[in-house]
Each structure stands twice: as structure tokens, then as C-alpha cells.
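Here's the structure we're looking at; comments come further down.
The values are calculated or read from the model by the stated rules, or taken from the named source; none is laboratory data. What you see is a predicted model; the values in this text were computed from it and never measured. Cβ sites come from the backbone with ideal geometry, for glycine too, and all protein chains shown count toward neighbours.
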């Protein structure tokens, strides 16, 4: 199957499979939750991956194996990826080109793993810390990528029974019934003074090292700049960054809904630098909601204006992995 040559019928079939798989994986998560609530299972055990906020549970790994084997059985011709964090020859049906969070080797770049070939990018349990406390904000995230571009995304939050999904050419949906974005007819333009008047979503990330001028300190400064009132902090006041297994499905949904996703790292000249497509594996992402036209600019122009305003306020982050 050549890259970029999947027909709409083929995409539709993979999309239906991914939706069903996301729901089944979510059901498995809820089975474990119900066991713990009923007291029929021991407390959820976990271990740290890189630090205290980056953990993995046995449930993470079990759900990833379930998803992996389902994909391998249905689509054996899809090339896969990552070496397992812990070899599980009796559980994994093959060494596959499957980029999943829990089986990825520590410290290696993922950038090169996403190429022109059809690739599955999975987070079996996004929100592990929440899950260990049975705080009901966690989900299954399934992304399907072709030619570097996420074309199918499924995010299922089983506690809320909410399914966000998208397939290239078919739109983005909530529970397969309500089209996204929810504000439509017409889609409103970006605020004239964006990012002011926008909902600002940020994420601390996994690098919590207290190093002077390190990534965490730079993020804190960037968050202050974004949250402060207009004109504050030497004019930087205004009023986004994840790993690819956390965002691949979400990016597919946002792009299909008309959003824009690019790098969160500001270029040397935010006013003139080209706004390129997102590079999965870069670990730094800035997502802008869908936008309609105004009397003075197109929706895309307003999205790009917002990107440049954010770039002016955030600091460049340094990661050792290629492509960051």
C-alpha cells in the first residue's frame, strides 16, 4: 500500500475500525476501574518512567497490547514501529511498526519513526495519574498517520462516554452525531486582539527539572506571558506542547474541523517566518481552533495572526531529541 494512496473507501473502513477499537479499549479501562471500586482488585500499581509525573501502570500496558494485537490482526500489511519497553513475546503478535507510548524505549527520538508509511500512533491511557486516583479525566487516543499527516483520530473518554473522532474527507464529530466545531453557521472569526479573549490551554510536560533557565522555568515564564493582562510584562502580556501519542488523534480531529497546528517554538522572526505544518515527534505543538472570515481577513489569516501573537510571547524550548 503506497503512502498517500489510500482511497476514501479504505480510510472509511479504517476509521470505522478505529472508532470500534477505541470504544473497546475504553471498556477495558472501565472494567479495571470497576474492579478497583468494588474492591475486587488490588490497588493500581505503577512505576515511574522518567520522573514522578511520567508513570506507567499495568493497565496502560495491557490496553496497549490489546490495541496492538487488534490492529495487527486486522491490518497485517500496515508497517509498524517501536521496540518494546519490556519484551512481551507471548502477548505481542509481532514486532510491528506501531508507535505506542508505553512500549517505546526510553530516551530515544520518535521523530524518525513517522514517515510516509501508514503508521498507528497510540496512547492507550492518556491521563495515567488521573486514572490511578480514579479521577474521571482520562481517555484512549488512537491516531492513524499517512505521509506524515494524521488522517484519522479517535479520542474516547469512557467515564463520560464521549467520543471525539475525525476522518480526512468526512469531518470531525462528537459521538458520531454532532459535527465539530460546536459553534457553527457561521464559524466565528478569531478575536481581533487574539490570543486575548481565547481559551488558553497549556500543559506542564514531563521535564520537571529545576534547572535555571531550563525548560520548566521557560514554560512558567511563557505561561505568565500568556495569562497576564494586555500590556503587562513589558508588553508580552496576552491573553500551546505535548508528545505525539497524546496529540496525533487530536491533531487529526482539529485539522479536519478546520483548525491549524504548527510548532510552539517561536522562530527568530515571528513576524515573517513561514507557518509550516506540524512535525509529529517534535514534542512542541501550537493548536489554533477553526476560524471563519471577518470583514478584513480570511479565517486562515486570522489563525496565522494568532500564531504570530503567541510566538511573540513564548520562549524557545530546548530538547535533546532530533526535530524538537
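General observations
- Scan of the range 4-35 for residues that are modelled with pLDDT under 90 and either more than 24 Å from residue 69 (Cβ to Cβ) or exposed (fewer than 13 other Cβ atoms within 10 Å of the Cβ) (or both), ordered by number: 4, 5
- Any hit, the range 124-136, residues being surrounded by fewer than 21 Cβ atoms within 10 Å (Cβ to Cβ) and modelled with pLDDT of 90 or more: yes
- Any chance residue 145 is surrounded by 16 or more Cβ atoms within 10 Å (Cβ to Cβ) and assigned by TED's automatic domain parsing to the domain that holds residue 28: yes
- Within the range 276-324, being part of a loop (DSSP other than H, G, I, E, B), surrounded by fewer than 17 Cβ atoms within 10 Å (Cβ to Cβ) and touching a strand residue (DSSP E or B) at 6+ places or on another chain (Cβ under 9 Å) holds for 276, 277.
- In the range 280-294, the residues that are at positive phi and in contact with a helix residue (DSSP H, G or I) (Cβ under 7 Å, 6 or more places away or on another chain): 281
- Residue check for residue 266: buried (at least 19 other Cβ atoms within 10 Å of the Cβ), touching a strand residue (DSSP E or B) at 6+ places or on another chain (Cβ under 9 Å) and at pLDDT 90 or above: no
- Some residue of the range 165-175 being at pLDDT below 90 and either surrounded by 12 or more Cβ atoms within 10 Å (Cβ to Cβ) or under 30 Å from residue 315 (Cα atoms) (or both): no
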